[in-house]
Amino acid sequence: MVMVPILQEIYDLSLSSLGAIIGGGLLVSACTTPIWGHEATKTGARKALMRSATGSLIGILLLCCSLALAQSSTDDKYPGLFLLIAARLIYSASAAAVLPVAQALSSNHGNGKSLLSAIGSLNAMNGIGRVAGNALVTPLLLAGAAMPILIVIPAYLYALIGIARAPQSLSETTSEADRKTRLGLGGLPMFAMAIAMAVQVTIGAAYVLLAPLILERLSTDATEATSAAGIALTFALLCGIFTQLVLTRLFSDRLYFALTSGAFILFLGLLGLAEASTQLQLSLAASALAVGTALALSANLTARLQETPKADRPQTSTWLASAQMLGLACGTTLFAYLGDIDLTFALQLAALLACLVFIAVLVSRVLPVQPLSPRKGTSE
């Protein structure tokens, strides 16, 4: 997301057009993630993760080719643009599976207080990867626009080797008896999915609008705006990692309080982002977004997994991830268009949505203050 101004410049795209490509990819992720959950249950996590990582690597390679093609052709940007769309779709259909499948596996090793900590630790590792990526964007851009993309190829190759050497337990499949007791669509955690989707709509808005907001508020060029957005997101992700590693442990027996606090902090962060006019203010607002999102989504997922049998957890986790991806798709697409009209209004509207999430959770009290007890049939 920090490369939005650079990509606009290379492909000669408006913010709304680029937002549509990003949002379309997220929509593909939302549709395919539950399929990966079923795949992990049916064939084992090892095969699902291996196929997902391979597809992600192919998408990254195509994206690099797209950038090279677009930069080499000054007159006709369409071949590079078409390849960009193809790369985005392939990557989106593949990469979305990794985290929710891993979360479901992690949840099988914890329950009660330890479950939120386990989910938080895994999310923190994901955040560390994002911090490294954002921190490297600025120096890597000096070597070319494709370099921030190329640098992740060795990481994917290493991941593929790691998955291939993973313990045999990752190849285990769900028994036929467990499959017959799996939840149908009628048993999906609809309220939890709605919360996850709404939170990610607001995050999608912040992601797609941050760099353009810096471009406007700080009066910078595209490269400087990308670098400033990278700094702000790095600072925010560090706060998110702290939240996942430390605060989730403090809230491990207060899931409802964690969810309501996260939604309120998210609301404050979006309001702050709408009014921010300096690099420090932008970074602080982005950090509040990261903290609020980490608390809200981790508590939301933990509560659902805690009352779900282990046999159903990959499917539950991927359905929630699907809702989150759908929210990001809607958020990036809708708010990219609104951002073309007025950046401040768009962020204020996102803040209003976060406030509605906070009110909905506060009123519903679907998540109890104390940890949920595993439902009958849950494997310990």
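The values are calculated or read from the model by the stated rules, or taken from the named source; none is laboratory data. Only a predicted model underlies this, so the values are computations on that prediction, with no experimental measurement involved. FYI the Cβ positions are ideal-geometry reconstructions off the backbone, even for glycines, and counts take in every protein chain you see.
For the list (1) within 13 Å of the chain's Cα centre (by Cα); (2) surrounded by fewer than 24 Cβ atoms within 10 Å (Cβ to Cβ), I need the number of the one condition that residue 290 fails.
Single failed check for residue 290: (2).
For a quick check of your reading of the model, give me the residue pairs whose first member lies in region 7-19 and is closer than 16 Å to residue 333 by Cα, whose second is among the aromatic types (Phe, Trp, Tyr) and at pLDDT 80 or above, with beta-carbon atoms closer than 6 Å and at least 6 apart or on different chains.
16/337
Rundown of residues vs (1) under 20 Å from the mean Cα position of the chain (by Cα); (2) surrounded by fewer than 18 Cβ atoms within 10 Å (Cβ to Cβ); (3) within 25 Å of residue 206 (Cα to Cα); (4) free of Cβ contacts under 8 Å to residues at least 12 places away in the same chain, yes/no style:
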position: 3; (1), (2), (3), (4): yes, no, yes, no
position: 30; (1), (2), (3), (4): yes, no, yes, no
position: 52; (1), (2), (3), (4): yes, no, no, no
position: 65; (1), (2), (3), (4): no, yes, no, no
position: 81; (1), (2), (3), (4): no, no, yes, no
position: 89; (1), (2), (3), (4): yes, no, yes, no
position: 94; (1), (2), (3), (4): yes, no, yes, no
position: 101; (1), (2), (3), (4): yes, no, no, no
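Of the residues 120, 127, 186, 144, only one is at pLDDT below 70 and either more than 23 Å from residue 41 (Cβ to Cβ) or outside any helix (DSSP H, G or I) (or both); which?
Details: 120 fails: at pLDDT below 70; 186 fails: either more than 23 Å from residue 41 (Cβ to Cβ) or outside any helix (DSSP H, G or I) (or both); 144 fails: at pLDDT below 70.
Answer to the check: 127.
Write out, first by first residue and then by second, each pair whose Cβ atoms fall under 8 Å of each other, whose residues are 6+ apart or on separate chains, and whose first residue, in region 146-157, is under 21 Å from residue 72 (Cβ atoms) and without any contact (Cβ under 8 Å) to a residue 12 or more places away in the chain while the second is of a type in the set (A, V, I, L, M, F, W, C) and surrounded by 16 or more Cβ atoms within 10 Å (Cβ to Cβ).
147/140; 147/141
Would you pick out the residues in region 23-41 that are modelled with pLDDT of 80 or more and of a type in the set (Val, Ile, Thr)?
Answer for region 23-41, where residues must be modelled with pLDDT of 80 or more and of a type in the set (Val, Ile, Thr): 28, 32, 33, 35.
Out of the residues in region 200-209 meeting the condition of being modelled with pLDDT of 85 or more and farther than 18 Å from residue 295 by Cα, tell me which one is surrounded by the fewest Cβ atoms within 10 Å (Cβ to Cβ).
209
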